[in-house]
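Student: Got a structure here, written out as C-alpha cells. Questions coming.
Read-outs throughout are calculated quantities, based only on the coordinates presented, and are distinct from any laboratory measurement. If you're wondering where the values come from, they're calculated on a predicted model, not measured in any experiment. Cβ placement follows ideal geometry from the backbone for every residue including glycine, while neighbour counts extend to all protein chains displayed.
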Amino acid sequence: MKDETMETQITRKERWAFGLAGLGQNMVYNYTTAYIMVFYTDVALIAPIAVGTLMLVARVFDAINDPILGNYIDRHPSPKGKLIPYLKAIPIPMFVISVLVYFVPDMSPALKLLYAYVSFILWDLMYTVSDVPYWGLSVTITADPKERLSLISLARILCNVGLAVSIVLPPLLIKLWGGGQQAYLLTAVLMASVGSLLFSLVGRHAKERIQANNQEPSSFKNLLQNKSLIILQSSRILQAFRMVIATAGLYFAKYNLQDEAQFSLLGGLLILAMILAMFVTPKLKKHFTKKSLYQASLVLGFFAHITLYFLGYHNAWVNYAFLFIMGLSLGLNDVLTYTMVGDCVDAYEQKSGLRTEGLSFAFHTFTTKLQSAFGLFFIGFLLDQTGFIENTLQQPKAMAAIFALITLYPAIASLLGMIPMVWYDIKEKRTQ
C-alpha cells in the first residue's frame, strides 16, 4: 500500500527538472532512432536487409531486458530510493555510448556489421536504464491523478521539443558539416552532450514520494495479472508501423522529394502538431474519458494517413496539411498512453495491494522497442524487396514503397490498434 506521510505536492523545480530531463533524453534517443538506419545504409554502406535484421534482433533482445530491469527495480529498492539512483548514474554512459554508435570504423563489411550490432545493443540497453526509472518516477512522485496528468503533459510537450530538435536540426548540421560519417558523428556529440546534461536534472532535483510497502515483491506473474496494462500495450504493438514514421520520412524526403533538408520542415510541422495536441489533452480530458480520446486519436490517424495515400505527395500544401493532422493524432495518443499506464498501476494496486511501477513502465519500454523492431525491420525488408539502391535516383517501385511507409501501413496500424482497446475496462472520472 502507499505511504503518504511525505508531502505530496510536486514543486515547480521538480516539474521542470522532470520535463527538461525528458527533453534531453529525447534529443539523444530520437536522433539515433530517426537517423541511424539511414546512416547505416547510406554512409556506413550496410545492406538494407542487414540493417533491418540488425534492428529486429537488437531491439527484441534488448526489449526482453526491459521487464527484467523493471522487476529488479521493484524487488531491490535502495535506501536512497527505488528509481532515483538509476537516474543519477546514467547521464555519463548516455553521452559516451550515444557517440560511439556513430563511430563505425572503416573495416570489412562483416566486422563493420559486428560493430554495429555491439554498439547499437549497448545503446539500447542504456536507453532502457534511463527510460524505465524515468517514467516510473511519474507514478512515485505524486499520488494525485490530476497532478500526474499535468506533470506528464508538460513532460511529453518538452519531450517533443527534444524530438523537434533531434528531427529539425540534424539535417541542417549534417549538410553544414559536409555530410559523411564525420558530420553524423559531430551531430551526435552535440546532441548527446546537451541531452545528457539536461537528463541529469531529474536525478538531482526530483523526489520519490509514494513508497510501496509491499508484503511481497512484484513478479512477472503480477504483470500478467494486470489485464488493462496487457490490453493497452497490445494496442501499442499493433501500431508498430505508425511509430517509425520519422525514419521512413527521412527516406521519403531524400528520395521521393529529392531534398533531404525537406525533412526538417516536414518533421518540424509534424512535431508542432504533436505539441499542440499535448497542450489541449488536459482540457479534452475534462469532457471525455482517456479511453475514448485514445480511440479518437487512432481514428484521426487512420483518416490522415489513408487520405494522403490516395491523394499522393506531389502537392506540397496537401503534404503539410495531412502531416499536421498526423501529428495531432500522435501527440494526443502519446500523452494518453503514459497516463493510462499510471492508471493501470494504480488500479492493480487497489486490486492486489502491490505497486509495480518499475515493472509496468519496463513493459511499456518493452513494447516501444518491439514497435521499433518490427517497424524498422519492415522498412529494411521493403526497401530490399523493391530494388532500393542507396544514394541514387530510385525506381518507381521503390519510391511507391517508401511513400506507403508513411501512409498506407500506418493507416492499417491505426485500425489494428483500436481492436484490443474494446476490452480496456478501467473506470475513470472526468478531470474537473
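Student: With each run of n ≥ 4 DSSP H residues scored as -39500 (n - 2.57), what mean residue ellipticity at 222 nm is computed for the chain after dividing by its residue count and rounding to the nearest 500 deg cm²/dmol?
Tutor: -25500 deg cm²/dmol
Student: Ranked highest first by average number of other Cβ atoms within 10 Å, how do 285-292, 329-336 line up?
Tutor: With the highest mean Cβ count within 10 Å placed first, the list reads 329-336, 285-292.
Student: Among THR140, THR407, THR11, whose mean-square fluctuation peaks in a Gaussian network model of the chain (Cα, cutoff 10 Å)?
Tutor: The residue with the greatest mean-square fluctuation here is THR11.
Student: From the square roots a ≥ b ≥ c of the eigenvalues of the alpha-carbon gyration tensor of the range 125-247, which class results: rounded (a/c under 1.5), prolate (a/b over b/c), or oblate?
Tutor: Prolate, because a/c is 1.5 or more and a/b exceeds b/c.
Student: Modelling each spin label as a point 7 Å along the Cα-to-Cβ direction, I'd like the LYS13/GLU147 distance in nm, to one decimal.
Tutor: Taking the two extended label points, one gets 1.7 nm.
Student: Give me the extension gain from PHE279 to GLN182: residue separation times 0.36 nm, minus the current Cα-Cα distance, reported in nm with one decimal.
Tutor: My answer for the length gained is 31.2 nm.
Student: Give me the net charge of LEU20's neighbourhood, meaning all other residues with Cβ under 14 Å from the Cβ of LEU20; Lys, Arg count +1, Asp, Glu -1.
Tutor: Residues close to LEU20 contribute a combined charge of +4.
Student: Next up: Return the long-range amide H neighbours of ASP259 (sequence gap of 5 or more, or a different chain), with a cut-off of under 5 Å between placed amide H atoms.
Tutor: Counting only residues 5 or more places away or on other chains, the set is LYS254.
Student: Let me ask something else. How large is ³J(HN,Hα) for each residue in the range 193-200, as worked out from phi by the Karplus curve 6.51 cos²θ - 1.76 cosθ + 1.60 (θ = phi - 60°), to whole Hz, x for Gly and Pro?
Tutor: 5, 5, x, 5, 4, 5, 5, 5
Student: Between ILE46 and residues 5 or more places away or on another chain, which pairs have amide H atoms under 5 Å apart, with H built 1.01 Å from N, and which residues are they?
Tutor: Placed amide hydrogens put THR41 under 5 Å from ILE46.
Student: For the chain, take the longest principal axis of its alpha carbons; what is the angle in degrees between that and the long axis of helix 290-311, to the nearest 10 within 0 to 90?
Tutor: 10 degrees
Student: Note the listed values [x] 70, 53, 39; [y] 72, 57, 43; [z] 64, 44, 37, then indicate which one is Cα extents along the principal axes in Å calculated from this particular structure.
Tutor: Only one listed value fits the structure, namely [z].
Student: Compute the acute angle (0 to 90°) between the alpha-carbon long axis of helix 227-238 and the principal axis of greatest extent of the alpha-carbon atoms of the chain; round to the nearest 10°.
Tutor: Taking the Cα atoms of the chain, the angle to 227-238 is about 10 degrees.
Student: Report, by chain and number, residues whose modeled amide H sits under 5 Å from the one on ALA143, excluding near sequence neighbours (fewer than 5 apart, same chain).
Tutor: none
Student: What are the ³J(HN,Hα) values, in whole Hz, obtained from phi via the Karplus relation 6.51 cos²θ - 1.76 cosθ + 1.60 with θ = phi - 60°, for each residue of the range 161-166 in sequence order, with x given for Gly and Pro?
Tutor: 5, x, 4, 4, 4, 6
Student: Report the local net charge at VAL335: Lys and Arg +1, Asp and Glu -1, summed over other residues whose C-beta lies under 11 Å from its C-beta.
Tutor: +2
Student: If you don't mind, another one. List, in order, the whole-Hz ³J(HN,Hα) value for each residue of the range 412-419 obtained from phi through the Karplus relation with A = 6.51, B = -1.76, C = 1.60 and θ = phi - 60°; use x for Gly and Pro.
Tutor: 4, 4, 4, 5, 4, x, 6, 4
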